[in-house]
Each structure stands twice: as structure tokens, then as C-alpha cells.
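Since the structure comes first, as C-alpha cells, the remarks are kept for the end.
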Amino acid sequence: MKKIVGILLAGALLTSAFAADVSAKVKLTGSLLNYADDNFTALKLNNHAAHNWEPLMSMAVSTDNAGATVKIKNMNEWGSGEGLTDTNWNIWFKVFDLVKVDMGQIAGSLNQETIDYSHSNSTWDNGGYGVTVNTNGVEFGVYSLEGWGGALVSDDAMNDLIVKAAYSANFGTISAMFEYDSLHKVTLFNNFFVVPTSELCVMKAKVGDKEFKQGYPAGSGDNYIFKDLEIKDYIRFGAGYNAGNLISENFTFFANVMGETGKVAEDMSAFVLTPEVFAKYTAGAFSAAAFVKVPVVFYNVADLPDGVKVLPDFGVWATAKVSYAFGNGMTAYLYVKEGFLKEFDHINVKPGITGNVGICAWEVAADMNIGEKFSIDVPVSLTVDF
């Protein structure tokens, strides 16, 4: 992606000591063939939308001791008609060389897998304030991430507060985190308190005659009605180790162990223990990566009948990708993902190939989803970065 220096505030930059980076893209996606829910389509052109993780435009400006970032995306993704909007506002500055202060959108993690960049339970990404100290391989950060328009302390309650510590040396990096939120809202599909099913996204727990569930009804196709699951006195904590290239220049891995607990229903609390491991190997044109996490959910239910016990749930989330780059600029890959938790079992298999024609990058794949129902899509995308 080209970096264009001097576009943002061009006149000021001609005589200033700071640089601005502006990047943008035009991306169109569609489907050559699609079969799902007994329906068949061909040569479909999707809405020209952009997700949070791939905005239409990113703008950043910085000096040695201060900087700012803003991104622009298209909210018309599902045909909502909301148009362009700005997002991910962030301003940072250094009080001293060792102390960095952030305001706005703040993201971080202990360690994150690099296949989908989204599946570790150790991540955070929200609006708020943050202070980070870095010195001699030691990192210590405190982040108040109550969200845009929120306050750290309100109505005698402590909202989302995260503390992270890490130490890096020649053996790799060890890290740990702790989070407390008096009322934590989690969008369904993104946590292991809940189980997606074809008709209802629910938390499955039935003890004797008691049944506990929170969820939302699913719509048809891609139009879902999202609802937040509220967890009272939510606590998240964990530790991680990242070996970097300690073993080999061609091999890297990390391991995290995360814990989450909170009150998920009036008569029930839950504790989720999630070990997760990521590894990646490269050898010339070949690369292979895999990520696995195994959440185990323990329930604590009040006023149980005599002799009734609550058995824990467990799940498996596994993602793998292998790829080979040919000498002509094309790369073939095979992507496999499986999610399993209680009655829910879903497998996604996606072989594909990428390449470019001049400045235009393209991708074609065969995206197969295997679960209660089978579906197959042949997505195609064209992207021009500038």
C-alpha cells in the first residue's frame, strides 16, 4: 500500500517537522455462484461496503511525541443506506519519553493470532483513555475503556477498567492482564457464554426444571437483529507467553490462558477458562498457521434441587491456513475453521487463490459451510490500494 506524504494539510506539511500518511482503497466484492437455504444465485454484486477492519480511508499524522489517527468507512454494508462515517478517532502524546497517553479508540491484546486477527480472548478495542509506560523491556498500561460517551465512574459503579503488564527479553515476552466491568455488554456470537443455533442465539443451561437463556431471534439471510448480553460484575484475567522467533527464524508461537467470570442470569453465574495456542511456520514460498482455543464453561446456579449438579460445557475453536506463493505473483491457500460448543458444530472450508493485474489485486475462492445445513459460495473480490 502506498503511503502518500503531504496530502493531509499539504500546505502546513511543506514547512513542518511532522509527516502525514494517507491510504485509501477501492474494493468491490461479489459472488460468482452461491447455494444456501435451497436457493441458488449467480453473478451477484455486493454492496460497496467496508468493515471496521478495512476502512475506505485511513489518515494518520505524528511527530516524535504526539500523533492522531482517523479512519473513514462505508456504513452501507447490509444496505442500511447510512453512507460514509468516520471511526477509530485517536490522539496520543508523550508526557515523558517513557509515558504515552491515549484518548479515543484504543485497541490491544496479550497476543493475537494472525490468520483472522480476531479470535483471541485477550483483546480489547473501545473508546476511552489509556496510559502506557515502556522502559527496558517492561510495559505497564492502565486503560479506561467505557466506550464513546461513557464515564469510568457513574452511579457509584466502576465501568470497564483494564490493566496490562508485560516483560520482553531474549527468551520472548511474558504478559498478564486484569479487567473489571460492573456491567459488561457482549454482542452475541463473540463470546462463549452463548451458543448460536439456527433459530436462537442462546446461553444453553438447563438444571432440573430450571432453564436459563439469553439471546435474540435471527432474521433471514445476512440481516440479524443483534442484542447485547449483559454480564454483571464481569472480571477477565489472563497471562500469555510469546516466543517470537526464539526457536527459529521460520517459526513463531504464543500461548494464552484466559479466565472470565460474571453473573449471566438472575440465578446463575459462570466462569470460563480458555487456553489458546497459535503457531506459524514459513519456508520460502510455503507458510502454515494454526490457532486453537478450548473454552470450558463452569456454571454456578443458586437454589438447586437436592442431588442436582451442573456439568461444565466445553468448546473448541480451531482455525488453520496453509498457502503457497507461485513465482508469477499468484498465491494458493486453504483455510479451515471449526467452531464447536454443545449442540453447535460448524465447519468452514475455503480453498482460494489470489493474484494481481497491475495495481488491481484479485481473489477467488470456494467458501463451503458445513453444519446443520450446507452452503457454498464462490466469492470474488477486486481491490485497488492508493
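Miscellaneous remarks
- Residues with amide H under 5 Å from that of residue 367, placed H, sequence gap 5 or more: 377, 378
- Estimated from the Cβ-Cβ distance and a Förster radius of 22 angstrom, the FRET efficiency linking residue 246 and residue 123 is about 0.40.
- Unit charges on C-beta of K, R, D, E only; dipole of the stretch 344-386, Debye: 80 debye
- Per-peptide average of other Cβ atoms within 10 Å, ordering 235-246, 120-131 highest first: 120-131, 235-246
- Residues 57, 177, ordered by accessible area of protein heavy atoms at a 1.4 angstrom probe radius and largest first, appear as 57, 177.
- Pairs with C-alpha atoms separated by more than 24 Å, drawn from the list 27/94; 164/232; 73/280; 73/232; 164/293; 73/337, are 27/94; 73/280; 73/232; 73/337.
The values are calculated or read from the model by the stated rules, or taken from the named source; none is laboratory data. Since the model is a prediction, treat every value here as computed from it, not as a measurement. Neighbour counts run over all protein chains shown; Cβ positions are idealised from the backbone, glycine included. SASA here: full protein model, heavy atoms, side chains in, ligands and nucleic acids out. Shrake-Rupley method; radii C 1.70, N 1.55, O 1.52, S 1.80 Å.
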